[in-house]
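Q: Shown below is the structure under consideration.
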Amino acid sequence: MESGAYGASLAGGAFDFMSFIKQPQTIVRILSWLFSIVVFATITGEGYVNPPQQKDTKCMFNGNDSACGFGVGIGILAFLACVIFIVLDAYFPQISNAKERKNIVTGDLVFSGVWTLFWFICFCVLANQWSHTTETAAISADAARAVVAFSFFSIVTWALLTTFAYTRYRQGVSDIDQGYTDPANDYSTPYPSTSAYPPYPTSGPEGYQQSPFTPQNQEQPAPYQPPSY
């Protein structure tokens, strides 16, 4: 495969779905997408319980609603980001502008790094609150452990995505330093000169017959005759 800027082939090639799915970055991003679903869906479905002798629902993590809200928020945003970046990864080889590729890779690098930190904070908060939870009678302990576990797994997958994005960024900078030319801004190729085109024929081909619709063959109008009274 001919390489281009920022770790992708040159624009114009056909999209290969199987090759795209088998890429390590795509696999890790899909795992991150699944982990985010487990976290926010579990908290939304089983994370709020009714403690005995209380009417209002409370978060299963030590009754701390902020902990559940933080986990749901991080999970939903991670889910949406994974969908967006999967689409951008599929469309990335079709982008010929090196500046647009750089913006996508930079956005991926920044977001992945920030979300790695957020997942670490989420894991620490949920694990700490779960360790201080005393009333577990009405709580699904398996659901709480699953949220904590998949928060930890998300740290690993988003850290890998950060590494992949950083590798692509460094590769793109290296390609630019080695003289990569952006096809969208390549003005080095001049327009072909007129000598590259065949000469325009000045006379018709052999056997060409003059059109019968010429002034010599046109019928002359009859002279005007005034009417007789």
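The values are calculated or read from the model by the stated rules, or taken from the named source; none is laboratory data. Computed from a predicted model, the values in this text were never measured in an experiment. When we count neighbours, we look across all protein chains shown, and the Cβ atoms used for this are built from the backbone with ideal geometry, even at glycine. Only protein heavy atoms, including side chains, enter the accessible area calculation; ligands, DNA and RNA are left aside. Shrake-Rupley method; radii C 1.70, N 1.55, O 1.52, S 1.80 Å.
Q: Please go through (1) over 30 Å from ASP16 (Cβ atoms); (2) surrounded by fewer than 19 Cβ atoms within 10 Å (Cβ to Cβ); (3) at pLDDT 95 or above for CYS122 and return the number of the only condition it doesn't satisfy.
A: (2)
Q: Moving on. For region 1-34, name all the residues that are modelled with pLDDT of 70 or more, surrounded by 14 or more Cβ atoms within 10 Å (Cβ to Cβ) and not hydroxyl-bearing (Ser, Thr, Tyr).
A: PHE20, GLN25, VAL28, ARG29, ILE30, LEU31, TRP33, LEU34
Q: Right, another one. Does region 129-148 contain at least one residue that is open to solvent by 20 Å² or more (accessible area, probe 1.4 Å) and closer than 30 Å to VAL173 by Cα? Before you say what the answer is, go through the steps one by one.
A: Taking region 129-148 first, the residues open to solvent by 20 Å² or more (accessible area, probe 1.4 Å) are 129-142, 145-146, 148.
Adding the requirement that they be closer than 30 Å to VAL173 by Cα leaves none.
The answer is no; no qualifying residue exists.
Q: Next up: Based on what the data block shows, is THR44 hydroxyl-bearing (Ser, Thr, Tyr) and in contact (Cβ under 8 Å) with a residue 60 or more places away in the chain?
A: Numbers: hydroxyl-bearing (Ser, Thr, Tyr): yes; in contact (Cβ under 8 Å) with a residue 60 or more places away in the chain: no.
Considered against the rule, which asks whether it is hydroxyl-bearing (Ser, Thr, Tyr) and in contact (Cβ under 8 Å) with a residue 60 or more places away in the chain, THR44 comes out as no.
Q: Another one. Answer yes or no: is there a residue in region 167-178 that is on the phi < 0 side of the Ramachandran plot, among the aromatic types (Phe, Trp, Tyr) and either modelled with pLDDT of 95 or more or outside any helix (DSSP H, G or I) (or both). Let's see the steps before the verdict.
A: Step one: list which residues in region 167-178 are on the phi < 0 side of the Ramachandran plot, which gives 167-178.
Pick out the ones that are also among the aromatic types (Phe, Trp, Tyr) and you get 169.
Those still in the list that are either modelled with pLDDT of 95 or more or outside any helix (DSSP H, G or I) (or both) too: none.
Scanning region 167-178, I find no residue that is on the phi < 0 side of the Ramachandran plot, among the aromatic types (Phe, Trp, Tyr) and either modelled with pLDDT of 95 or more or outside any helix (DSSP H, G or I) (or both), so the answer is no.
Q: What residue, among those in region 35-73 that are open to solvent by 10 Å² or more (accessible area, probe 1.4 Å) and β-branched (Val, Ile, Thr), is farthest from GLU135 (Cα to Cα)? It would help to see each step written out before you state the result.
A: Taking region 35-73 as the starting set, the residues that turn out to be open to solvent by 10 Å² or more (accessible area, probe 1.4 Å) are 35, 37-38, 40-42, 44-46, 48-58, 62-66, 69-70, 72-73.
Next cut, β-branched (Val, Ile, Thr) only: 37-38, 42, 44, 49, 57, 72.
Values: ILE37: 26, VAL38: 23, THR42: 19, THR44: 19, VAL49: 11, THR57: 13, VAL72: 22 Å.
Going through the qualifying residues, I end up with ILE37.
Q: Which of the residues spanning region 49-64 are touching a Lys or Arg at 6+ places or on another chain (Cβ under 7 Å) and either more than 12 Å from SER140 (Cα to Cα) or free of Cβ contacts under 8 Å to residues at least 60 places away in the same chain (or both)?
A: Here is the first cut: in region 49-64, the residues touching a Lys or Arg at 6+ places or on another chain (Cβ under 7 Å) are 49, 51.
Correct list: PRO51 only.
Q: Continuing with this model, one more query. If you take the residues of region 91-118 that are more than 14 Å from ALA81 (Cα to Cα) and of a type in the set (A, V, I, L, M, F, W, C), which of them is modelled with the highest pLDDT?
A: That would be LEU117.
Q: Give me the residue from region 83-117 that is basic (Lys, Arg) and open to solvent by 30 Å² or more (accessible area, probe 1.4 Å) and, out of that set, farthest from PHE152 (Cα to Cα). Explain how you work it out, then say what you get.
A: First, pick out the residues of region 83-117 that are basic (Lys, Arg): 99, 101-102.
So of that shortlist, the ones also open to solvent by 30 Å² or more (accessible area, probe 1.4 Å) come out as 99, 102.
On the way: LYS99: 34, LYS102: 30 Å.
Checked region 83-117; the qualifying residue farthest from PHE152 (Cα to Cα) is LYS99.
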